[in-house]
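Participant: Please see the structure below; I have some questions.
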Amino acid sequence: MNNTVDLHTHSTASDGTFTPRELIRLAAEKRLRAIALTDHDCLDGLPEAMEEAQGLGIELIPGVEISAEFSEGTMHILGFFVEWRDGAFRERLERLQAARRERNPKIVQNLRDQGLDITLEEVAAASGGGLVGRPHFAKVLVRKGYVSSTQEAFERYLKKGAPGYAEKFRFGPEESIRMIHEAGGAAVLAHPFTLSKDAPAKIEAAVRDLAAAGLDGIEVYYGTYSNDQIREYRKLAEQYGLLHSGGSDFHGAYKPGLDLGVGYGDLKIPYSLIEPLRKKAKERAAAS
Ligand code: AMP
Ligand code: ZN
Ligand code: FE
Ligand code: FE
């Protein structure tokens, strides 16, 4: 077994292309010691993943990735060691799932207004029954030949500001952190660079505010980071007393070339990141 981990992964329960079981098997093949399943806004992949992980002797950290309200760019907050059977937590996540159901027909209509032939049924079929996310819209657009890749689908139609985009309800950052803490989890800011495309000062200001709201950690290793980014986020972690986390953000076929554990090839996330996060989650659980 390698002493490495991957703390940011998606399954078919949200917008990954591997089922929870397949994901755990892949982690075993790659000899990872632990992974966190962090599907968007839902915990539905966890029971199956837990079962498979127990069978294969892999440590599975129950996680989630919550989309939080943020006016600038995109804010995703990871929850680790969350109590995934907690009814109150599930209910709050259900609000986010309902927000997707309200949003998705709007995206379909926006795309149809652009002259594209696409239906909600096709998108739902592309999601395979899990939570519908924008990568599933992209998949249909690729299949129908409107674009040649997921990336192009986002650039032309699906990214914020593009003609297909539609807003959805999100909880604010403080509330997102609080619900993770109340579920006994540690809250970690995912991929800080998505907070602002052009202004490092805005990223730092957001991290400062999040830290004041109880954020526990920040993703200092990620599939696409440069060495400069790693240094920058380590510095932010030190400055605001945040733990380190890291993961590939594996989505299977939706992110071509990006593999579990290793990212684009050189990612290596040490198991030693896990204990501090576990300890923090225990403190959060005890306090809630
Ligand atoms: P949603 O939660 O449905 O709004 O979709 C968000 C997901 O879309 C992210 O987690 C990524 O998997 C994917 N995504 C967002 N922006 C892009 C992009 N520019 N290119 C490719 N995938 C993206
Ligand atoms: Zn995703
Ligand atoms: Fe994310
Ligand atoms: Fe993710």
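Participant: Quick one: Cα convex hull volume of segment 130-288, Å³ per residue?
Facilitator: Taking only Cα atoms, segment 130-288 has a hull volume of 139 Å³ per residue.
Participant: Once the chain is represented by equal point scatterers at the alpha-carbon sites, with solvent omitted, what log10 I(q)/I(0) does the Debye formula produce at q = 0.17 Å⁻¹?
Facilitator: Treating every Cα as an identical point scatterer, log10 I(q)/I(0) equals -1.51.
Participant: Could you calculate the contour length gain from Gln151 to Glu121, that is, 0.36 nm times the residue separation minus the distance between their Cα atoms, to one decimal place in nm?
Facilitator: Here the answer is 8.6 nm.
Participant: Right, another one. Could you look at segment 59-122 and say what percent of its accessible area is carbon and sulfur, using a 1.4 Å probe and all protein chains?
Facilitator: Summing carbon and sulfur atoms, their accessible area is 44 percent of the total for segment 59-122.
Participant: With the Cα gyration tensor of segment 10-64 giving a ≥ b ≥ c as the square roots of its eigenvalues, does the rule (a/c under 1.5 for rounded; else a/b larger than b/c for prolate; else oblate) give rounded, prolate or oblate?
Facilitator: prolate
Participant: Please quote Rg/Rh for segment 1-115 to two decimal places, taking the Kirkwood radius as Rh and restricting both calculations to Cα atoms.
Facilitator: Ratio value, two decimals: 1.05.
Participant: Run the numbers for Gln239 and Glu94: contour at 0.36 nm per residue of separation, minus the present Cα-Cα distance, in nm.
Facilitator: My answer for the length gained is 48.7 nm.
Participant: Angle check, please: helix 173-182 long axis (alpha carbons) against the longest principal axis of the chain (alpha carbons), in degrees 0 to 90, nearest 10.
Facilitator: Roughly 60 degrees between the two axes.
Participant: Then there's this: Percent relative contact order of segment 142-288, based on C-alpha pairs within less than 8 angstrom and at least six residues apart?
Facilitator: Computed over segment 142-288, the figure is 23 percent.
Participant: Further question: Place a label point 7 angstrom from the Cα of Lys160 along the Cα-to-Cβ direction, then list the residues of segment 106-141 whose backbone nitrogen is under 14 Å away.
Facilitator: Within reach of a label on Lys160: no residues.
Participant: What relative contact order, as a whole-number percentage, does the chain give when Cα pairs under 8 Å and 6 or more residues apart are counted?
Facilitator: 23 percent
Participant: Return the distance in nm (one decimal) between the two label points of a simple spin-label model at Lys202 and Met50, each offset 7 Å from Cα along Cα→Cβ.
Facilitator: 4.0 nm
Participant: Give me the dipole magnitude in Debye, nearest 20, for segment 78-142 about the Cα centre, with unit charges on the beta carbon: positive for Lys and Arg, negative for Asp and Glu.
Facilitator: Charge dipole of segment 78-142: 140 debye, to the nearest 20.
Participant: Roughly how many Å² is the accessible area per residue of the chain, as a whole number, for a 1.4 Å probe?
Facilitator: With all protein chains present, the chain gives 43 Å² per residue.
Participant: Using a simple spin-label model with points 7 Å from Cα along the Cα→Cβ vector, what separation in nm is obtained for Lys144 and Ala287?
Facilitator: A separation of 4.8 nm, rounded to one decimal place.
The values are calculated or read from the model by the stated rules, or taken from the named source; none is laboratory data. Predicted model only: the values in this text are computed from it and were never measured. When we count neighbours, we look across all protein chains shown, and the Cβ atoms used for this are built from the backbone with ideal geometry, even at glycine. Accessible surface areas use protein heavy atoms only, side chains included; no ligands, DNA or RNA. Shrake-Rupley method; radii C 1.70, N 1.55, O 1.52, S 1.80 Å.
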